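Colleague: Here it is, the structure, as structure tokens.
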Amino acid sequence: MKKEKIKVGILGFGVVGTGTFKILEKYSDMIRNQIGTDIIVDKVLVRDLTKGRAIHASEKLFTVNAEDILENPDIDIVVELMGGEEPAYSYISRALKNGKHVVTANKELLAKKGDALFEYAKDKNLFLGFEASVCGGIPIIKAIKESLSIDKITKITGIVNGTTNYILTKMSEENLGYDEALIEAQAKGFAEADPTADVEGFDAAYKIAILSNIAFRTNVDINNIKREGITGISEKDIKEVKSTNKIIKLIAKAEIVNGGLEAEVAPIVLPLEHPLASINGVNNGVLINSESVGELMFYGPGAGQMPTGNAVVSDIIDIAKQVAMTCAF
Ligand SMILES: NC(=O)c1ccc[n+]([C@@H]2O[C@H](COP(=O)([O-])OP(=O)(O)OC[C@H]3O[C@@H](n4cnc5c(N)ncnc54)[C@H](OP(=O)(O)O)[C@@H]3O)[C@@H](O)[C@H]2O)c1
């Protein structure tokens, strides 16, 4: 017999947590039709119960005690959307220990400590979904893991950080200086108050590490990725490059060279005809080269509440399909 309801606990209710909740609510009929079971958000972990939330829900939905989700035997899937290393790592480990499937969008955590979590999930025969951790709304993880699973990927080249791409686009199209473009990105919510992770290339390095791990079936040490951000790029650099019909983009690249993996994040000068040259603003674009398919290009929103929420929900649905079929009640 099929499980009647699949219960989800969400850890963190910011941009992506709210988007995930909204999508699960809005498309609940579609979900039921697809998997024959309801997916219910049972509990949401927040830090502040008095904070206004952009959804209509019972007060009982929210909790400040992680135990209400991690130790709750009714919850099948834990969705980690807090970000950062701790307590995210401990919470995910505990959820897996307690037999719960996990979905996360946490690229930093996966790039630094994903190997231990994936190993643990595998040992426990549980799913650890992470589609939302790279390129927000672009279904690139699934494409690599499923559609290209028997192709041999040789190179990944991408614009995987929307914040830096927005800043470089503004510098190039509107002749803004780096500081001016950064302030505009912050005012529009495209850059954090502390933009270090984005502008110094850390975020892009996390993402190319995750993509490399699945594409090349390896375990990249994040410290071995050469990394340069965009803070050293001046208006003069942008002008000079433009005068030669080229453009500067922050490129994350991973490639098999002489049998070994080389991965780096750096500002690269591209000719205007290059497929990634026209990826502007906060959008992301990724090129994948492989032996059988040749070259594939993925383009779309690399962040945002609904695109990233959709990626989280796609993992929840994949898990729910399995849970609904395998649980007998
Ligand atoms: N934003 C995007 O478009 C995007 C795209 C792809 C991936 N991601 C990833 O998705 C994750 C979430 O990002 P976000 O943009 O949604 O972040 P966010 O808006 O800052 O939301 C994080 C939420 O987690 C809560 N939180 C943090 N630490 C907590 C703790 N110890 N206990 C309980 N709640 C805690 C925060 O509570 P408070 O409200 O009290 O601060 C906040 O509601 C991150 O890993 C990020 O890298 C985000």
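The values are calculated or read from the model by the stated rules, or taken from the named source; none is laboratory data. Computed from a predicted structure; not experimentally measured. Neighbour counts are summed over all protein chains in view; Cβ atoms, including those assigned to glycine, are modelled from backbone coordinates with ideal geometry.
Colleague: I'd like the full set of residues that are within 12 Å of the ligand (Cβ to nearest atom) and either touching a Lys or Arg at 6+ places or on another chain (Cβ under 6 Å) or part of a loop (DSSP other than H, G, I, E, B) (or both), limited to the stretch 291-322.
Modeller: Gly302, Ala303, Gly304
Colleague: Let me ask another. Residues to consider are Ile268, Ile256, Ile288; find the one that is over 20 Å from Asn161 (Cα atoms), of a type outside the set (S, T, N, Q) and surrounded by 16 or more Cβ atoms within 10 Å (Cβ to Cβ).
Modeller: Details: Ile268 fails: over 20 Å from Asn161 (Cα atoms); Ile288 fails: over 20 Å from Asn161 (Cα atoms).
Only one candidate qualifies: Ile256.
Colleague: Could I ask something else about it? Quick one: is Lys60 over 22 Å from Leu126 (Cα atoms), of a type in the set (Lys, Arg) and more than 16 Å from the ligand (Cβ to nearest atom)? Explain how you work it out, then say what you get.
Modeller: Numbers: over 22 Å from Leu126 (Cα atoms): yes; of a type in the set (Lys, Arg): yes; more than 16 Å from the ligand (Cβ to nearest atom): yes.
Here the answer is yes, as Lys60 does meet what is asked.
Colleague: Is it the case that some residue within the stretch 74-84 is small (Gly, Ala, Ser) and either within 10 Å of the ligand (Cβ to nearest atom) or outside the structural domain of Asn310 (by TED's automatic domain parsing) (or both)? Walk me through how you get there before you give the answer.
Modeller: Step one: list which residues in the stretch 74-84 are small (Gly, Ala, Ser), which gives 83-84.
Then drop every residue that is not either within 10 Å of the ligand (Cβ to nearest atom) or outside the structural domain of Asn310 (by TED's automatic domain parsing) (or both), which leaves 83-84.
Yes; the residues of the stretch 74-84 include at least one that is small (Gly, Ala, Ser) and either within 10 Å of the ligand (Cβ to nearest atom) or outside the structural domain of Asn310 (by TED's automatic domain parsing) (or both).
Colleague: Right, here's the next one. When residues of the stretch 265-290 are filtered for being more than 19 Å from the chain's Cα centre (by Cα) and not in a loop (DSSP other than H, G, I, E, B), how many remain?
Modeller: Qualifying residue count for the region: 8.
Colleague: May I ask you to say which residue of Val103, Val160 is within 13 Å of the ligand (Cβ to nearest atom), aliphatic (A, V, I, L, M), outside the structural domain of Asp237 (by TED's automatic domain parsing) and touching a strand residue (DSSP E or B) at 6+ places or on another chain (Cβ under 6 Å)?
Modeller: Working: Val160 fails: outside the structural domain of Asp237 (by TED's automatic domain parsing).
So the residue among Val103, Val160 that is within 13 Å of the ligand (Cβ to nearest atom), aliphatic (A, V, I, L, M), outside the structural domain of Asp237 (by TED's automatic domain parsing) and touching a strand residue (DSSP E or B) at 6+ places or on another chain (Cβ under 6 Å) is Val103.
Colleague: Can you tell me which condition Glu173 does not meet? The list is (1) surrounded by fewer than 22 Cβ atoms within 10 Å (Cβ to Cβ); (2) touching a Ser or Thr at 6+ places or on another chain (Cβ under 9 Å), and all the others hold.
Modeller: The number of the failed condition is (2).
Colleague: Among the residues of the stretch 219-238, which ones are touching a residue at least 60 places away in the same chain (Cβ under 8 Å) and over 19 Å from Ile156 (Cα atoms)?
Modeller: Ile230, Ile233, Glu235, Ile238
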